[in-house]
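Below: one structure, written as structure tokens.
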2 protein chains.
Amino acid sequence: MTRDEIDTPAVVIDTARVEANLARAQAYADAHGLTLRPHIKTHKLPMWAKRQLELGAVGITCQKLGEAEVMADSGITDIFIPYNILGAAKLERLAALHDRITVAVAADSDVTVAGYAARFTDPAHPLPVVVECDTGAARCGVATTDELVALAHAIEAAPGLTFEGIMTYPPRGRMAEVNAMLGEAKAALVAAGLPPRRISNGGSPDLYHAAEVTNATEHRPGTYIYSDRMQAAFGLGTLDDCALTVLTTVVSHPTPGRIVLDAGSKALAADTSPAPGHGDIVEYPGAVITGLSEEHAVVDVSACDRIPAIGEKVRVIPNHVCVVSNLFDVVHLVSGDEVTVVPVAARGLLA
Amino acid sequence: MTRDEIDTPAVVIDTARVEANLARAQAYADAHGLTLRPHIKTHKLPMWAKRQLELGAVGITCQKLGEAEVMADSGITDIFIPYNILGAAKLERLAALHDRITVAVAADSDVTVAGYAARFTDPAHPLPVVVECDTGAARCGVATTDELVALAHAIEAAPGLTFEGIMTYPPRGRMAEVNAMLGEAKAALVAAGLPPRRISNGGSPDLYHAAEVTNATEHRPGTYIYSDRMQAAFGLGTLDDCALTVLTTVVSHPTPGRIVLDAGSKALAADTSPAPGHGDIVEYPGAVITGLSEEHAVVDVSACDRIPAIGEKVRVIPNHVCVVSNLFDVVHLVSGDEVTVVPVAARGLLA
């Protein structure tokens with residue numbers, strides 16, 4: 001298959017940009033003595049996870065068990081699942097994973113810890129559990145060091161569990177604050193006789209400030225591999241660093257200022273970005289995607305010097321690339337004239 | 001499998017509500033002499049398409065070729081694709097479909113018509129082409145009756161095409177205006193000696209006003225089968241008519257007023273609704289889903305009398321149900337205590 005033969009809509013990935021994004025992040029990590037544990041949510045591809053490890057990552061992060069199972073099947077042996085795993089069905093799957101690879105999980109409640117403690121009972125092969133701490137993002141995570149220490153004690157008290165450390169999904173742009181909170185958490189744990197082996201921080205927007213969070217022992221960036229319109233708006237490189245685009249065809253040009261593309265919310269997702277509109281058309285910088293329905297993108301081209309013809313293919317940089325990876329069964333890797341079709345092995349794995 | 005054994009997140013469909021929604025729509029259509037051609041984008045399941053036909057629908061609507069191929073494979077023989085089909089690869093697939101079932105397509109430009117005319121050349125088996133007209137929704141569609149008549153002539157002049165009629169995707173709540181525009185279009189075509197055989201209108205929000213568009217010969221509702229939070233806000237029934245919910249588990253309760261569910265934008269999509277928040281939690285009416293990340297829904301439960309426990313399963317009515325159908329490989333049909341797992345055969349078919 002050549003590039004011109006790719007039918008639309010389709011995901012097209014510029015492998016040179018992927019390599020540049022990965023190399024830049026690893027070089028930053030190496031320069032600052034930072035350990036990377038990339039989050040595979042963005043690409044959902046074993047081949048990129050392996051490449052991240054090859055370049056120096058210490059392991060990978062998967063948000064859901066199903067993703068971790070696919071990655072383990074591909075030969076990856078160190079996976080962190082920063083999620084509360086609840087319920088008998090999922091605990092069985094976690095046990096199977098724990099039997100074959102190094103896996104750590106998170107908890108932010110005694111309910112979650114009790115579930116782990118009931119299922120994992122072998123002191124010779126304990127399950128590593130990390131306590132999630134809220135450092136301002138107001139999603140999951142214990143809110144106080146008292147709760148943290150109590151949970152760490154509960155984990156350590158369970159014969160089949162081991163207290164691994166702490167993790168956070170930080171708010172954007174607040175490195176000093178996050179670092180101070182992690183420092184307090186660490187001090188409280190040390191004082192309680194439970195020094196954390198791992199202090200895990202995350203996020204791509206602040207990846208190039210991650211070293212400022214000196215208390216962290218590892219960082220879990222996800223989106224940096226492809227980047228997207230949202231990350232560029234947040235200051236992670238520029239639109240020229242975006243490696244993934246959605247190739248679409250102009251299907252209609254009903255009025256002088258309006259064209260319509262064959263990629264709607266089923267291809268681009270409805271996620272918003274600080275930048276206006278639903279994506280950036282690479283070849284037509286003045287165009288604004290003003291609306292999405294499921295199979296159509298409505299584009300205002302009234303500010304464009306030239307307008308694409310009906311039937312012409314254009315590339316769209318999506319607002320949020322991770323959800324786009326989840327919408328396509330395959331992606332097209334493009335390197336020069338070479339096109340390789342790769343199934344998105346960990347797509348749609350919600351549980 | 002019993003209902004309690006369904007792991008989360010999962011799509012759960014109340015088949016009694018589906019039957020009620022389908023029966024109500026068909027009864028309205030029958031009472032008003034209206035022909036239904038349901039849009040399968042909402043369910044993407046051959047079994048529901050067949051049920052819609054069984055109840056009286058004249059055929060079905062698919063937005064993309066891939067969806068039409070799946071439906072044709074299941075034995076459905078009359079499909080309308082209200083879309084400009086462009087490019088050699090898609091025209092080949094359209095030709096294969098045209099060889100085995102009754103299929104009609106849309107066009108709103110001479111480029112699209114020229115593509116059809118070049119590929120379809122058999123006067124003994126012409127391809128029916130409908131011209132899309134913009135009646136105010138400002139997506140696709142010719143803007144004037146002059147353009148319409150010119151395109152209809154071009155279609156009729158091509159030996160392998162036949163002018164089938166017109167279609168529109170109407171703006172919401174403007175039935176009188178839409179009807180007047182379709183009336184003008186029809187009159188212009190009759191005057192030009194090209195009377196339309198089909199005048200196709202669409203949309204679920206105004207389904208129960210569809211008969212007011214007296215110039216239409218058929219209506220293409222989609223979302224009415226399941227309904228969702230957006231449709232209920234637009235006045236199509238109430239939340240009690242919503243047949244599809246996303247079953248999720250409470251995974252965290254970090255502060256008194258905040259819980260977190262294991263369904264984020266990968267399960268619920270980021271589509272917005274006139275109602276605040278990202279979905280309605282059936283069992284906890286005062287709860288508001290204030291934020292979604294890919295795998296988490298953050299819920300404000302501060303207005304709730306009681307709060308679900310960590311580990312408890314709750315059902316979420318999504319803002320936009322069609323995109324949710326596209327995010328899951330399987331759905332769970334629930335009828336009393338019986339649970340049937342059905343693959344979403346036409347999921348993810350973007351081209």
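Please arrange A:C140, B:C304 by counting, for each residue, the other beta carbons lying within 10 Å of its beta carbon, fewest first. Let's see the in-between values first.
Details: A:C140 28, B:C304 18.
Ordered by Cβ neighbours within 10 Å, fewest first: B:C304, A:C140.
Convex hull over the Cα atoms of the stretch B:34-227, averaged projected area in nm²? Don't jump to the answer; show the numbers that get you there.
Working: hull surface 39.6 nm².
In nm², the orientation-averaged hull projection of the stretch B:34-227 is 9.9.
Name all residues of the stretch B:37-81 having a backbone nitrogen under 15 Å from the label point set 7 Å from the Cα of B:D30 along its Cα→Cβ direction, giving them as ranges.
Flagged as within label range: B:52-58.
Just to verify a number: FRET efficiency for B:E177 and B:A157, C-beta to C-beta distance, R0 = 41 Å, to 0.05?
Working: r = 31 Å, r/R0 = 0.77.
FRET efficiency, B:E177 to B:A157: 0.85.
If I stretch the segment between A:R197 and A:D329 completely, what's the gain in nm (0.36 nm per residue apart, minus their alpha carbon distance), one decimal?
Details: separation 132, 0.36 × 132 = 47.52 nm, distance 3.80 nm.
Residue separation times 0.36 nm, minus the Cα-Cα distance, leaves 43.7 nm.
What does the helix-only formula give at 222 nm for chain A: each DSSP H stretch with n ≥ 4 adding -39500 (n - 2.57), the total divided by the residues, and the result rounded to the nearest 500 deg cm²/dmol?
On the way: 10 runs with 103 residues, N = 351.
-8500 deg cm²/dmol, from helical runs alone.
Restricting to lysine pairs 8 or more places apart or on different chains, what number in chain B have Cα atoms under 16 Å apart? Provide the component values of the computation, followed by the final result.
Details: B:K41/B:K50; B:K41/B:K64; B:K44/B:K64; B:K64/B:K90.
Counting lysine pairs in chain B gives 4.
If I stretch the segment between B:T102 and B:D4 completely, what's the gain in nm (0.36 nm per residue apart, minus their alpha carbon distance), one decimal?
Details: separation 98, 0.36 × 98 = 35.28 nm, distance 4.31 nm.
That works out to 31.0 nm of additional length.
Between copies, how close do the A:T340 label points come, placed 7 Å along Cα→Cβ, listed in nm from shortest?
Listed shortest first, these distances are 4.3 nm.
So what's Rg/Rh here for chain B, counting alpha carbon atoms and using the Kirkwood radius for Rh?
Numbers: Rg = 21.8 Å, Rh = 21.4 Å.
Across chain B, the Cα-based Rg/Rh ratio is 1.02.
So, R0 is 25 Å and r is the distance between the beta-carbons of A:S302 and A:T272; what FRET efficiency does that work out to, to 0.05? Before the final figure, lay out each step's value.
Numbers: r = 22 Å, r/R0 = 0.87.
Calculated transfer efficiency: 0.70.
Report relative contact order for chain A in percent, whole number only (criteria: Cα-Cα under 8 Å, sequence separation at least 6).
Values: 779 pairs, mean separation 71.4, N = 351.
Worked out over chain A, it gives 20 percent.
With a ≥ b ≥ c taken as the square roots of the eigenvalues of the C-alpha gyration tensor of the stretch B:1-90, please select rounded if a/c is under 1.5 and otherwise prolate if a/b is larger than b/c or oblate if it is not?
Working: a/c = 2.47, a/b = 1.19, b/c = 2.08.
Oblate, since a/c reaches 1.5 and b/c is not below a/b.
Look at the axis of the rotation that sends chain B onto chain A, then give the chain B residue with the nearest Cβ and the distance in whole Å.
Result for the axis mapping B onto A: B:A270, 2.
In whole angstrom, how far apart do the alpha carbon centroids of the stretch A:184-200 and the stretch B:2-47 sit?
Here the two parts' Cα centres lie 53 Å apart.
Taking the label point 7 Å from Cα in the Cβ direction, how far apart in nm is A:E156 from each other copy of itself, listed shortest first?
Label point to label point, same position, other copies: 8.7 nm.
Please list the non-local residues whose amide H lies under 5 Å from the amide H of B:L161, H modeled 1.01 Å from N, same-chain partners needing a gap of 5 or more.
Excluding prolines and chain starts, which carry no amide H, the hits are B:L127.
Going by the alpha-carbon gyration tensor, a ≥ b ≥ c the square roots of its eigenvalues, is the protein assembly as shown rounded (a/c under 1.5) or, if a/c is not under 1.5, prolate (a/b greater than b/c) versus oblate?
Judged from the Cα gyration tensor, the protein assembly as shown comes out prolate (a/c at least 1.5, a/b above b/c).
With a/c under 1.5 counting as rounded, go ahead and sort the stretch B:51-151 into rounded, prolate or oblate using the C-alpha gyration tensor (a ≥ b ≥ c being the square roots of the eigenvalues; past the cut-off, prolate if a/b is larger than b/c, else oblate).
Working: a/c = 1.96, a/b = 1.29, b/c = 1.52.
Verdict is oblate for the stretch B:51-151.
Output the relative contact order of the stretch A:44-175, whole-number percent, from Cα pairs under 8 angstrom with separation of 6+ residues.
Details: 216 pairs, mean separation 26.2, N = 132.
Computed value for the stretch A:44-175: 20 percent relative contact order.
Among B:H39, B:H209, A:H98, rank each residue by its count of other Cβ atoms within 10 Å, from fewest to most, as a rough exposure measure. Provide the component values of the computation, followed by the final result.
Working: B:H39 28, B:H209 14, A:H98 21.
By the 10 Å Cβ count, ascending: B:H209, A:H98, B:H39.
List residues of the stretch A:249-275, by number, whose backbone nitrogen lies under 15 Å from a label position 7 Å along Cα→C-beta of B:T144.
Within reach of a label on B:T144: A:254-257.
Values in this text are rule-based calculations from the coordinates and carry no lab data. This one's a predicted model, so the numbers in the text were calculated from it and none came from an experiment. Note that we place each Cβ from the backbone using ideal geometry, even for glycine, and neighbour counts take in every protein chain shown.
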